[in-house]
Each structure stands twice: as C-alpha cells, then as structure tokens.
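The values are calculated or read from the model by the stated rules, or taken from the named source; none is laboratory data. Note that the structure is predicted; figures quoted are calculated from it, not measured. Every residue, glycine among them, receives a Cβ derived from its backbone with ideal geometry; neighbour counts consider all protein chains shown. These accessible areas exclude ligands, DNA and RNA; they are computed on the full protein's heavy atoms, side chains included. Shrake-Rupley method; radii C 1.70, N 1.55, O 1.52, S 1.80 Å.
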Amino acid sequence: MALDKKGKSTYGLGHNLKMIINWPITVWAVFAGLVVCMLILVPWSVFSVIMLSVFGIYSIFALVLLFITRKKLKRELIGFASSYSHMQQELLFNVSIPYCILDTSGKVLWMNKNMHAITHTSGDYNQNIAILFEELTPNKFPTEKGGKTEIRFSFEEKDYKADIKRVDIGNEAGDFSNITKIKSIPIPEMSFIAVGLEDITEINAYIRKIHDKQLAVAVIDIDNYEDSIENIAESRKSFVVGIIDKYIYDYFEKVNAFVKKIDEDRFIAAFTYDALDEFTKDQFSILEKVKSVDIGKGVIQPTLSIGIGAGAEKYNETHDKAKAALFLALGRGGDQAVIKDGEKVSYFGGKVQMMEKNTRVKIRVKAQAMRQIIEVNDNVIVMGHQNPDIDSFGAAVGIYEVARHLGKKAYIVLNEVTPGIKPFYDRFEGREGYEDGVFINSEEAMRMSGENTVAIVVDVNDPSRVECPKLLEKEAISIVVFDHHRVCERQISNADLSYVDTFASSTCEMVTEMIQYMDIDIKLMGFEADALYGGIVIDTDGFKSKAGPRTFEAAAFLRRHGTDVVRVRKLLRNDIDEYKAVTDAVTNAEMFRDGFMISIYNCENSETSPTVGASKTANQLMNIKGVKAAFVLTMYKGAVNISARSLDEINVQLVMEKMGGGGHLSIAGAQIKDATLDEVKERLKQVIDEMINNKEI
C-alpha cells in the first residue's frame with residue numbers, strides 16, 4: 001500500500017483512472033437522453049428508428065466493455081501495482097546506502113543488504129540499534145512528527161553520518177506494508193524511525209588535512225632577560241644566549257616551523273596545526289629545557305613565556321591572538337605556554353614560583369598614569385570583589401585616600417560587610433573623611449557614575465566577580481584595574497589602565513607602593529595603614545608565603561605611617577568557635593595521592609566567614625610535613641568554596657582552574673554552585689588524578 005503526499009491511501013483506482021474506465025457509462029447516458037428527445041419530437045420517424053437501433057448496439061458494446069474489459073483492466077492494474085511495489089522493495093533492499101527501519105524504542109524491524117553487511121548481522125536481526133551503534137540511543141531520536149536529526153559517529157575505523165527521520169503513518173502500514181517483519185509486530189502508534197548511514201570517512205580525512213595545514217603563530221619571550229642574561233659574566237653571556245637560542249630554534253624547526261629572532265629576548269614562529277598538536281602532546285617540553293641551562297650561581301634562571309594564536313580567519317588576526325595569549329602567559333607569572341584557539345584558551349607549564357622583579361620603573365609609570373586618569377575625572381568609584389576580604393578592603397581604602405588627596409569626590413562600593421573585614425570597617429565609622437555616603441552599594445554606584453567618572457577595580461580582574469559588574473559595562477566611564485592574581489581568560493578587557501603584578505604578595509602591597517610614587521604628600525591615618533597592613537598579613541600568611549623584599553618595604557612604609565603590628569594582630573585573631581572548627585578540620589583532613597591534603601571546614605557558631613576559616617585551615621595544613629598542597633572545602637551562601645594552598649611543589653592555580661576558579665601558584669580558590677560538599681570533594685579528587693596522570697602537576 002502506498003501513501004500520497006497528504007498521507008492518504010492510493011490503493012485501488014484513482015479519480016482520473018475511474019473517469020477513463022467509466023466513460024462508456026457516461027456516453028451511454030448522454031446517448032439515451034438524445035434518443036428519448038428524438039422519440040418525443042419525431043416519434044417513429046426513419047431518423048428516430050435509426051437512432052434507436054444505434055443506441056441498442058452501443059448499449060450492448062458498453063455492457064461488454066463495462067463488465068468484461070473493466071475487470072480485466074483492474075486485474076492488470078493491480079498486478080502492475082504489485083510488481084511495482086515489489087520492485088520498490090527490491091531497490092530499497094539493494095540500495096547502496098545502508099538503511100534500516102526501527103520502532104520508537106530503537107528495536108530493529110528491517111535492514112537492507114548494505115546495513116546487514118556493515119553490521120555483520122543476518123536477516124532476522126531484531127535487537128536494539130544501540131547494541132550495534134552505541135551512539136544511536138532512543139533518547140536522541142526525533143519526537144515530533146516528521147522530525148529529523150543527524151548524528152555523527154565512528155564504527156570499525158570508519159566515520160558515519162546517520163540521517164534519522166521519524167515517520168508517522170496513522171493506522172495503516174503505508175510504504176512498509178510489504179516488509180513482512182513489520183506486519184507481525186504490533187505498533188499502536190504506527191510510528192517508525194528510518195535511519196540511513198552515509199560514510200564520511202574520506203570527507204573527514206580531507207577536513208582534518210585542511211585543518212592540520214592551517215596556520216598558527218607563536219610569540220616567545222625570554223622572561224627576566226635583564227635580571228638573568230644581562231647579569232651573566234661577559235665571558236659566558238654569548239655562550240648562554242647561544243644555547244637558549246639553539247634550544248628554541250631546534251624545538252620549533254623539528255616540525256618544519258618558521259622561526260625568527262626579532263629582539264634580544266623575543267622570537268616569533270609560524271607553523272601548522274599538526275605541529276601544534278605535537279607541542280601539546282609533549283606539554284611544551286621547551287619550557288623545562290630552557291630552565292635546565294646552567295647559567296651559574298647567584299643569577300636568576302631564565303624561563304620562557306609562549307603565546308600561541310590559532311583559529312582565526314586572517315593571518316593578522318592569528319598574530320593578534322598570539323600576542324593576547326602571550327599577555328595572558330606573562331600576566332600569570334610567565335614560565336608557561338598559552339594557546340588561544342578561537343575562543344578556547346589552554347595553559348601549559350607555570351608549575352614553579354617565579355622570582356620577584358625588583359625594578360621600580362613599572363610601578364612609577366603605572367602610578368603616574370593612574371594619577372593622570374584620576375585628575376581628568378570628577379568622581380572616583382573604587383570597588384573590590386564580591387564577598388570582600390581585608391586585602392580587597394584595604395586596597396580600596398588606599399585608592400580612596402589617593403583620590404581624596406587629589407581633590408576628587410570618591411566612593412567605595414561595599415555591598416556587604418563580611419566578618420573578615422568587620423573589625424577593620426568598624427574603625428572607619430565616624431572618622432574624618434569617612435562620613436556617611438563614602439561606602440555605597442551597587443545601586444548607588446550606578447546612580448553616581450557619569451561621563452566624568454573613573455571606576456578603579458582592586459584585587460580582582462574577573463568582571464563577573466566585582467561588586468558592581470554593571471558599572472564596567474557603562475561606556476562613558478574610565479576603568480582602571482589593580483590586581484595581583486594571575487590573569488585568566490575572563491578578564492576586564494576594556495580597562496584604560498591595567499596593572500596586574502603576579503609577583504606582588506597582595507593588592508595592598510601594590511597600592512602601598514603606588515602611594516609612594518604618586519608625587520603627592522599623603523599622610524595615612526593609623527586605621528587606614530592598619531587596613532593595608534592587614535591585607536598584606538593575610539595574603540602572606542603572616543609574611544610566611546610570597547613575602548619578598550617589596551613586601552617588607554611596603555610593611556615598613558605602613559609602619560612609619562602609624563600601623564600598630566600588635567593592634568592588627570588582635571583584629572585578625574580567631575574567635576574560640578572558629579579556632580575549634582579549624583582544629584577539627586585539620587584533625588579530620590584526608591591525605592590523598594601522597595601529598596594532597598583535603599578537608600572540610602564546618603563552623604556554624606563563629607562570627608567569622610566560613611571562607612576565612614577555610615583559608616586558615618589550609619594554611620595550617622601546609623605546616624604538616626609531607627603535604628604538597630592543601631584543599632579545604634566549606635559551604636557558604638549556597639555554594640561550595642575551596643581554599644587551596646601550596647608551597648613550591650604544586651601549582652594549585654592550575655588545579656583550581658580545572659574546578660572553575662583561579663588565583664596564584666601557591667594560593668588559589670574556586671566556588672562551585674549547585675553541588676554538595678561530597679560531590680565537589682570527589683570531583684576534586686578526579687581532577688587531581690587526571691592532572692597527575694597527564695603530568696600537568
């Protein structure tokens with residue numbers, strides 16, 4: 001049985017065919033009418049008798065044609081239809097495209113010869129299609145009437161495209177009536193899934209070949225060139241430089257890349273995608289090879305930062321992506337490779353702590369640039385990150401004080417006074433210069449911002465995590481960023497001035513340095529200096545982590561401006577409930593994979609933020625012998641927060657990036673929503689396992 005385009009059965013004789021077969025009856029009726037009229041008008045005339053005789057002869061002919069020829073014609077038509085249907089079935093069975101028909105649950109009802117051939121099945125196969133092709137599961141089938149979908153998969157070293165269509169045929173068997181297996185299976189809905197396979201192995205091979213020959217560009221920088229190469233003895237300098245250059249040339253030329261040295265500390269290379277695959281497979285071993293160069297004692301070891309651009313339509317855009325990737329690599333501390341492939345960003349290396357840079361030129365330039373931006377604007381709005389800590393709060397206070405001394409109206413965006421900053425915040429209430437209206441919320445910040453407004457962001461470079469994200473979207477304002485965290489792909493890209501120093505221990509340290517180079521006479525008050533000093537103390541864990549010469553110089557400057565070390569220590573002390581919770585978390589910590597300590601911090605009675613308690617727990621765990629990295633989980637505001645710490649063996653930032661967070665090599669964190677503590681803990685273990693197996697950490 002066949003269906004027309006409207007889904008109606010075409011079995012039997014169509015309308016046009018019926019007219020052809022029934023024409024003798026129509027003619028007979030017309031003829032009979034003419035004879036009757038003739039007999040009425042000229043009864044029994046010669047002409048009437050002739051007409052009546054002819055009518056009689058025609059009636060006999062019509063009857064013979066109607067009852068004899070018509071039956072024969074029907075039989076011939078039915079025979080032709082049956083032969084045609086059988087021919088269709090044979091063509092479908094022998095067609096070169098592998099084809100099968102399923103019920104809506106995926107059970108095989110019928111296959112043609114080629115589908116049997118590629119699946120190595122016999123003619124009576126009636127199992128689920130997912131047994132043969134695991135990708136073709138019923139949940140992927142179209143559900144709407146006449147719906148279509150496409151699934152690509154591999155089977156026995158070949159690539160296929162499955163064109164899947166839902167066929168709804170009402171209460172009749174339709175085109176499938178001649179497939180005997182369907183007749184024996186009751187299908188109330190009369191819905192079938194038709195699947196045709198197209199072999200796309202050769203097409204995919206050409207696509208991969210075209211992809212592999214696309215261009216990628218790398219920009220390679222030698223980190224700390226002035227502090228390392230320039231300080232090597234003259235007799236060895238050319239030798240060391242030659243060794244590093246040879247390593248770089250050999251590494252890229254082994255994949256037939258074009259390499260060119262364009263400056264004393266910069267190279268550019270161009271190569272194909274298949275070469276890029278080789279680099280990613282060996283995790284950019286050139287990074288470790290350059291660090292193995294013996295440059296002598298007392299000299300900073302040179303490292304490489306590599307930015308690679310790929311996936312752009314134009315060559316100049318590919319180069320722009322490479323430069324952006326290099327900026328990311330440098331912003332994350334160097335000694336790593338960053339790939340920007342379209343919108344995807346991948347990181348390699350960055351496993352060790354970089355040496356602090358002692359140069360003051362960059363600090364002075366940034367300080368003067370910020371002063372110029374503040375001076376040309378009327379309002380200054382300072383904001384840190386959501387759920388602010390003392391580093392964010394102290395840095396905001398320092399910038400506020402700079403703006404106030406430059407005669408500008410300044411505000412600090414603070415949506416919430418968290419337990420971590422409350423002891424310091426309480427000391428600002430009622431103080432000179434901090435009257436009502438200095439600390440504002442996001443709604444007030446949006447109302448106060450205008451064309452002559454500069455928004456200064458501190459301690460964060462992720463636009464989604466600032467106190468007022470919408471403020472950064474306003475086109476009329478200027479934006480300045482100060483941060484010490486490693487840069488990630490989610491960064492504030494429209495800043496007029498961005499100063500991200502991953503060598504700084506804290507943003508408070510950066511702001512303290514900036515104050516010294518602003519060329520204005522700023523005399524900090526004791527409670528302001530305490531807030532800046534508190535930020536340094538917290539982020540360095542009491543000057544035990546990431547504390548370099550710049551850190552102690554900043555602390556000395558704040559001490560001269562009234563910081564009381566004992567007073568700050570009292571403000572940062574734990575309450576008894578928090579202390580007990582930290583002790584419990586340390587006691588119940590679990591050692592994982594020989595060096596990774598994982599614990600859960602839980603404190604419901606403490607006034608201190610759980611995230612602060614988790615950070616203190618992580619710091620305590622790092623005092624345990626044999627611990628390479630510590631991860632402490634806590635629930636806060638419906639999300640699981642992770643505080644990660646390490647010393648110098650593990651880059652916890654890489655681990656936290658896998659969990660959706662970020663931070664520093666030795667201090668990092670993440671926030672995971674819509675998950676339980678146990679679920680996040682298991683996910684963290686999986687990430688650590690994967691990274692160890694892939695030699696990423």
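Quick look at the values:
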quantity	calculated
Within region 600-677, strands (runs of 3 or more DSSP E) holding 1 or more residues that are open to solvent by 20 Å² or more (accessible area, probe 1.4 Å), of a type in the set (A, V, I, L, M, F, W, C) and under 24 Å from Tyr579 (Cβ atoms)	629-636, 667-673
Residue match in region 405-419 (condition: touching a Leu at 6+ places or on another chain (Cβ under 9 Å), over 23 Å from Pro469 (Cα atoms) and modelled with pLDDT under 95)	no
Residues satisfying the stated conditions in region 583-594, i.e. crowded, with 16+ Cβ neighbours inside 10 Å and closer than 16 Å to Met691 by Cα	Phe592
Yes/no for Glu682 being loosely packed, with under 14 Cβ neighbours inside 10 Å and either among the hydroxyl-bearing types (Ser, Thr, Tyr) or not in a loop (DSSP other than H, G, I, E, B) (or both)	yes
Residue match in region 423-432 (condition: among the aromatic types (Phe, Trp, Tyr), more than 20 Å from Cys468 (Cα to Cα) and at pLDDT 90 or above)	yes
Every residue from region 539-552 that is in contact with an Asp or Glu (Cβ under 8 Å, 6 or more places away or on another chain) and either at pLDDT 90 or above or under 14 Å from Arg427 (Cα atoms) (or both)	Thr551
Neighbours by Cβ (under 7 Å, 6+ apart or cross-chain): first from region 109-127, charged (D, E, K, R); second surrounded by 16 or more Cβ atoms within 10 Å (Cβ to Cβ)	Lys113/Phe93
Complete set of residues in region 133-149 that are free of Cβ contacts under 8 Å to residues at least 24 places away in the same chain and in a helix (DSSP H, G or I)	Asn139
Inter-residue pairs, beta-carbon under 6 Å, first farther than 24 Å from Phe543 by Cα and in region 568-592, second open to solvent by 40 Å² or more (accessible area, probe 1.4 Å), 6+ apart	Asp577/Asn605
Residues within region 688-697 that are part of a helix (DSSP H, G or I) and either of a type in the set (Asp, Glu) or crowded, with 19+ Cβ neighbours inside 10 Å (or both), tallied	3
Any chance Ser105 is open to solvent by less than 90 Å² (accessible area, probe 1.4 Å), modelled with pLDDT of 60 or more and closer than 30 Å to Thr143 by Cβ	yes
Qualifying residue in region 470-484 (condition: modelled with pLDDT under 90, open to solvent by 10 Å² or more (accessible area, probe 1.4 Å), under 27 Å from Thr611 (Cα atoms) and within 32 Å of the chain's Cα centre (by Cα))	no
Residue count for region 510-561, restricted to those that are open to solvent by less than 10 Å² (accessible area, probe 1.4 Å), without any contact (Cβ under 8 Å) to a residue 40 or more places away in the chain and assigned to a loop (DSSP other than H, G, I, E, B)	1
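Results for (1) modelled with pLDDT under 90; (2) farther than 30 Å from Gly526 by Cα, shown as yes or no for each residue.
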residue: Ile576; (1), (2): yes, no
residue: Lys625; (1), (2): no, yes
residue: Met635; (1), (2): no, yes
residue: Gly638; (1), (2): yes, yes
